[in-house]
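What follows is a set of notes on a single structure, which appears directly below.
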Number of protein chains: 2
Amino acid sequence: MDAERTEIGTLGEFGLIAELTKGMKHNREETHLGVGDDAAVISALPGQRSLISTDLLCEGIHFDLTYVPLKHLGYKAVVVNLSDICAMNGTPTQIVVGLALSNRFSVEAVKELYDGMRLACERYKVDLVGGDTTSSQAGLVLSVTAMGQALPDDIVRRGGASDGDLLVVSGELGGAYMGLQILEREKLVFKEAPGAQPDLTGHEALLERQLKPEARTDVITELQRLELVPSAMIDISDGLASEALHIAAQSGCGVRIHEEKIPMAEQMYETAREFNLDPTLCALSGGEDYELLFTVPQDRYEDIRNHPMFSIIGHMTDDPKERTLITRNGMETELKAQGWDGLKSDA
Amino acid sequence: MDAERTEIGTLGEFGLIAELTKGMKHNREETHLGVGDDAAVISALPGQRSLISTDLLCEGIHFDLTYVPLKHLGYKAVVVNLSDICAMNGTPTQIVVGLALSNRFSVEAVKELYDGMRLACERYKVDLVGGDTTSSQAGLVLSVTAMGQALPDDIVRRGGASDGDLLVVSGELGGAYMGLQILEREKLVFKEAPGAQPDLTGHEALLERQLKPEARTDVITELQRLELVPSAMIDISDGLASEALHIAAQSGCGVRIHEEKIPMAEQMYETAREFNLDPTLCALSGGEDYELLFTVPQDRYEDIRNHPMFSIIGHMTDDPKERTLITRNGMETELKAQGWDGLKSDA
């Protein structure tokens, strides 16, 4: 992969950090001090509260470097954390990054990873303000902590939904999971015939959903424009079913979802068929779409119903034990959070 | 080690988190929302800025579970991050924790780790407000991100020292390194004779320095009482020499340290002799003492000189190339940051 290979040992930890953060600029005036001291110094805008969320990503568990380019990994690691800030109806502002590396990584490889993180920071006007770079005996470990801001009255938790609230989702679901299936298939092909070129044509959109997801900061901006504060919100990392059940459980409500209302891209639908997978199951349990799932009171129906960003897929009920999926043919079945593993053993 | 062993798989991620955070209370009114949503919600006290620092600890690199009890590891992982907040002259307020575990860890083992973190949170009145718990293919990985607060004019960076400033250190140095030597020796003994009981008597204080270090929040409080804002400050994680050189480099100054002024505990001194190590070298390069190293203008000499918390060990000069250690016999040698590896190959 690397035309050039510089060993990290030739730079040392401080040299590596200097190399990685060279020319790094801050986008936000609330960032007073970034990388290079014992701690970063930031401030909240007047009246705003701070939001904070952290994720730990381990090679072999959360990503497979045989098909995930390091630049994409860096981008995605940042985005999934920014998505958590969006899920509170906040604006992401800064991140700090912990990075553990074994010596199989070259300086060039780490730079690629950082390029991806830097790209995400630029795209979302977020500042990388600190970090820790260290050795690992076992592959790559990435820890990202994101900070954000929101006015106290705008902050949306998972547990605020009420009986009758509409359940709304942004974008389309299942694409990231199908992208992963394509990558896994090509990995198998490559294992059997190492010279083979991967056949990814026609699947670019799905691969991008998997490799380069986006945080829906645009949804947060649109909610502000609509002066609409959801009653509950979560981002979809583990799959629609799992997240809908989180909102229901934490709100003490039941939930009903209509299969025909679940937004799916045509390409996802067709590829699922090609893989002999049920597209609805991919959308319900696939995960990693990083769309926002939220509830709004019924009197906001008009703001949402024809909005191109949103789909109303169901509603909340007053029975905490209710978890219903109404299928296309009108049957009622239990809404289950299978997660990825469940999906795999079913497929 | 465990009388009882519950597999993590029997609880699942959400069950494990519920178990770990059961009965967790918040100490601070600025903590509005902790564990259990997409992000934590905190606020800064009026006029204060937020400080943030992160560390990533990997098994086999930063700790060795053959002799580090999990409870101590949890305590130390929190403390080293709080120490970074102290090094900015701030008060630590919250932490978030990322935890990756392989399946060799039982629920009981993870609880022990959490008990240590909880103890540190209670000791320092810090709230654990969020986290991420996940699988690892290779041992234990711990990521801790600490937040703190300080008034803008109280924040102390590494780069603010001037020519003539006194160089001051809190506490005594070298103890944590000697504690590690004792543990490494007993590990070797145990390897050769697995039934042997470790002989740690008489070394308790040194072992505690290594296994259960403290963050010097008391020093920050004392500096406030003295109305003394250091011109530069850093905490000693990599050894006195390395940290003094950081202050000098970032301040554009030189530095002179007097060997005879370096504070060392008698027990550390004697144990170093027993191990055929140079006590001064242990104090200069041993690291992990988590004492605070800072500079103050000469006109604050009277506040510091007989203060039981502090030792004046040298001063800053105007020549950025100067890095001098004045030995007990009056010779001048170059102050070198050897780090642990350097120390080991010399020893």
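Among B:201, B:21, B:221, which one moves the most in a GNM of chain B with springs linking Cα atoms closer than 10 Å?
B:201
Around residue A:158, which amide H atoms from residues at least 5 apart in sequence, or from another chain, sit under 5 Å from its own amide H, with H modelled in the peptide plane?
Residues meeting the criterion, in which the H sits 1.01 Å from N, are A:233, B:38.
What number, in nm² with one decimal, is the all-direction average of the projected area of the convex hull of the alpha-carbon atoms of the range B:166-346?
11.1 nm²
For chain A, modelled as a GNM with alpha-carbon contacts under 10 angstrom, which of A:202, A:179, A:130 fluctuates the most?
Answer for the Gaussian network model of chain A: A:202.
Looking at the range A:62-165, which GluC sites (Glu not before Pro) are DSSP coil and have at most 16 other C-beta atoms within 10 Å of their C-beta?
none
Any idea what the alpha-carbon Rg over 2.2 N^0.38 Å comes to for the range A:151-229?
1.67
Volume per residue, Å³, of the convex hull around the alpha-carbon atoms of the range A:1-76?
156 Å³
Restricting to DSSP loop positions (anything but H, G, I, E, B) with no more than 15 other Cβ atoms inside 10 Å of their own Cβ, which trypsin sites (Lys or Arg not before Pro) remain in the range B:11-117?
Answer by residue number: B:22, B:25, B:104.
Residue B:312 to residue B:10: extension gain in nm, 0.36 nm per residue of separation minus the Cα-Cα distance?
The residue B:312-residue B:10 span can extend by a further 103.2 nm.
Under 5 Å between amide H atoms, partner at least 5 residues away or on a different chain: which partners does residue A:317 have, H built in plane at 1.01 Å?
Under 5 Å from the amide H of residue A:317 lie the amide H atoms of A:164, A:254, A:255, A:256, each far enough along the sequence or on another chain.
Roughly what % antiparallel, to the nearest 5, for the DSSP beta bridges in the range B:84-212?
55 percent
Between copies, how close do the residue B:135 label points come, placed 7 Å along Cα→Cβ, listed in nm from shortest?
Copy-to-copy label distances at residue B:135, shortest first: 2.9 nm.
Semi-axes of the equivalent ellipsoid of the protein assembly as shown: what are they in whole Å, largest first, if each equals the square root of 5 times a C-alpha gyration tensor eigenvalue?
After scaling each eigenvalue by five and taking roots: 48, 27, 24 Å.
Build a GNM of chain B with springs between Cα atoms under 10 Å: which of B:150, B:18, B:248 gets the top mean-square fluctuation?
Top of the fluctuation ranking is B:18.
How compact and how long is the range B:8-154, expressed as Rg and Dmax of its alpha-carbon atoms in Å?
Cα-based Rg and Dmax for the range B:8-154 come out at 15.2, 51 Å.
Please compute the alpha carbon radius of gyration of chain A, then divide it by the globular-protein estimate 2.2 N^0.38 Å. Two decimals is fine.
Ratio of Cα Rg to 2.2 N^0.38 Å: 1.04.
No lab work stands behind these numbers, since they all come straight from the coordinates. Small disclaimer: the values here were computed from a predicted structure and weren't measured. Because the Cβ atoms are built from the backbone with ideal geometry, glycine has one as well, and the counts that use them run over all protein chains shown.
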